Amino acid sequence: MTNWDSLYIYYISGTGNARISSKWIAEEAEKRGLKTVVQQIDRLENIVMPAPGQKPLIGFAYPTHGFNAAPIMLRFIAGFPSKLCKEIFLLNTRAGMKLYKLFMPGLSGLALVLPAFILWLKGYKCIGFRPVDLPSNWIPLHPGLRKKVIESIFARCEPIVRNFANKILDGKRVFRGLYSLPVDLLISPIAAGYYIGGRFFLAKTFIANSNCNNCGICIKECPTSSIKLVRNRPYWKLTCESCMRCLNHCPERAIEAAHGLATGIMILITAVNTRLIIFIIDSLNIQPDVWWWKVLSQLIGIGVMILVAALIYLIMHFAMGFKPISFIVRFTSFTTFPFWRRYKYLKEKKDFENKTETTSNHKT
Ligand SMILES: Cc1cc2nc3c(=O)[nH]c(=O)nc-3n(C[C@H](O)[C@H](O)[C@H](O)COP(=O)(O)O)c2cc1C
């Protein structure tokens with residue numbers, strides 16, 4: 001069935017990969033005369049939904065975070081109204097790399113199957129889902145890719161996304177995301193771990209170094225409003241989703257992923273957590289081999305770890321007012337070294353500079 005009169009794409013993007021992919025899809029739809037609305041779901045605010053009477057095809061595009069869809073997109077999809085249309089499609093951007101001449105794919109984990117399932121529960125039929133391996137933006141793990149590599153990854157991926165769009169618009173079913181399903185399901189426990197605990201820990205690894213001039217760009221741009229000024233320096237709240245927009249786009253290169261601080265937090269929370277669990281087990285006199293207690297104690301453990309990490313981060317934020325501490329934190333961050341490139345290729349590209357959020361021949 002292809003009697004759609006419009007295409008709505010809802011996307012979230014830290015560094016532009018999901019954004020440019022949405023634009024490519026919209027361009028293919030516009031060539032066919034479809035009205036298109038491409039909307040960023042930053043802060044889940046001002047979102048345009050299809051009007052009653054329209055017959056839209058709806059798509060969702062988003063990066064993979066911790067072998068799952070970015071949490072803000074999962075929240076958006078969970079709260080998405082039902083019955084706005086019949087068919088939907090999904091596109092997840094992943095960490096593409098290149099080793100010599102070999103393009104290396106990322107891993108989706110639950111990033112496609114979980115949103116497809118949630119939308120199916122809401123009565124939508126998923127007519128296609130596909131991962132696309134655009135350049136990795138996970139800068140705390142590795143320096144940004146070189147420009148030449150980025151360009152060759154883009155040259156490879158653009159036709160892939162446009163082809164995907166055309167197949168969907170032709171009414172064909174595309175389930176390329178199923179190819180890696182066994183591996184994706186195998187790593188689903190890691191996805192769950194990232195969602196329940198890991199992402200909160202990562203939120204507490206960002207710092208602003210002394211290059212920060214309080215321009216406020218990171219605060220303004222943060223898609224989850226997770227950065228605020230504390231003592232005249234940006235402070236990352238637990239709601240941060242580590243999308244990398246701030247770190248990659250800071251014009252002063254003032255944002256670091258603090259590897260030294262993160263290691264310190266890790267060592268401390270592991271010690272505190274173990275002691276606390278032993279203390280609770282001892283004082284409540286509960287048999288640790290009861291299944292529900294094992295689950296509960298793990299959840300308590302994760303909760304305690306997150307709170308302790310947040311507390312240490314808060315203390316360190318104030319302590320960094322002292323130059324020696326700030327020096328140590330900064331110079332134990334790999335991201336401070338000049339060779340640790342940022343990923344902002346798309347930011348530099350002219351078409352990405354276009355600030356219009358809704359590209360369309362029809363603006364609602
Ligand atoms: C916190 C974080 C977690 C990530 N997890 C994954 C992952 O599990 N699998 C993967 O293939 N890529 C992962 N990536 C890489 C991004 O999904 C990938 O670079 C994506 O293309 C970025 O899209 P964007 O520019 O639209 O944000 C991760 C990146 C970040 C910052």
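Computed from the coordinates by the stated procedures, all read-outs in this text should not be read as laboratory data. Everything numeric in this text was worked out from a predicted model, so none of it was measured. Here the Cβ positions follow ideal geometry from the backbone for every residue, glycine too, while neighbour counts run over all protein chains shown.
The separation of the range 99-131 from the range 300-329, counted between C-alpha centres, amounts to 35 Å. Net length available on complete extension from Ile278 to His259 is 4.0 nm, with 0.36 nm assigned per residue and the Cα-Cα distance removed.
How many percent of all Cα-Cα pairs in the range 60-156 sit more than 15 Å apart?
Numbers: 2868 of 4656 pairs.
Looking at the range 60-156, the distances longer than 15 Å represent 62 percent of pairs.
Once the Cβ-Cβ distance between Ile325 and Ile300 is put in as r, and R0 is 41 Å, what FRET efficiency do you end up with, to the nearest 0.05? Step by step, r from the Cβ atoms, then E = 0.85.
Go through the range 50-99 and name the trypsin sites (Lys or Arg not before Pro) that are in a DSSP coil and have 12 or fewer other Cβ atoms within 10 Å of their Cβ. Walk me through the intermediate numbers first.
Values: sites: Arg75, Lys83, Lys86, Arg94, Lys98; in loops: Lys83, Lys86, Arg94.
When the trypsin sites (Lys or Arg not before Pro) of the range 50-99 are filtered for loop state and at most 12 Cβ neighbours within 10 Å, Lys83 remain.
Helix 259-284 and the long axis of the chain differ in direction by around 70°, with both axes built from C-alpha atoms. Each of Ala116, Ile20, Leu229 was placed along the dipole of the chain (beta-carbon charges, centred on the mean Cα), and the one lying farthest toward the positive end is Ile20. Once you reduce the range 245-287 and the range 1-66 to the center of their Cα atoms, the two points are 37 Å from each other.
A cysteine counts as unpartnered when no other cysteine's C-beta lies under 4.7 Å of its own; in the chain this applies to Cys85, Cys126, Cys157, Cys212, Cys215, Cys222, Cys240, Cys243, Cys250. Relative to the longest principal axis of the Cα atoms of the chain, the long axis of helix 147-169 makes an angle of roughly 50 degrees.
The charge dipole of the chain, taken about the Cα centre with unit charges on the Cβ atoms of Lys, Arg (+1) and Asp, Glu (-1), comes to about 700 debye, rounded to the nearest 20. Every Cα-Cα pair of the range 6-181 was included, and the share exceeding 28 Å stands at 18 percent. Shape analysis of the range 240-297 yields a ratio of the Cα radius of gyration to the Kirkwood radius, Rg/Rh, of 1.27.
Largest GNM mean-square fluctuation among Phe164, Phe318, Phe67, using the chain with Cα springs under 10 Å: Phe318.
Where the alpha-carbon atoms of the chain are placed on the principal axes, they occupy 63, 52, 43 Å, in descending order.
Label reach from Val230 (point 7 Å along Cα→C-beta): in the range 287-329, amide nitrogens under 14 Å belong to 307-321.
For the range 99-135, list residues with backbone N below 13 Å from a point placed 7 Å from the Cα of Ala78 toward its Cβ? Under 13 Å, as judged by backbone N against the label point of Ala78, lie 115, 118-119 of the range 99-135.
For the range 1-136, the tally of Lys pairs with Cα-Cα distances below 22 Å comes to 16, considering only residues 8 or more apart or on different chains. Expressed as a fraction of 2.2 N^0.38 Å, the value expected for a compact globular protein of N residues, the C-alpha radius of gyration of the range 1-84 is 1.09. Based on the convex hull around the alpha carbon atoms, the range 197-345 presents an average projected area of 10.3 nm².
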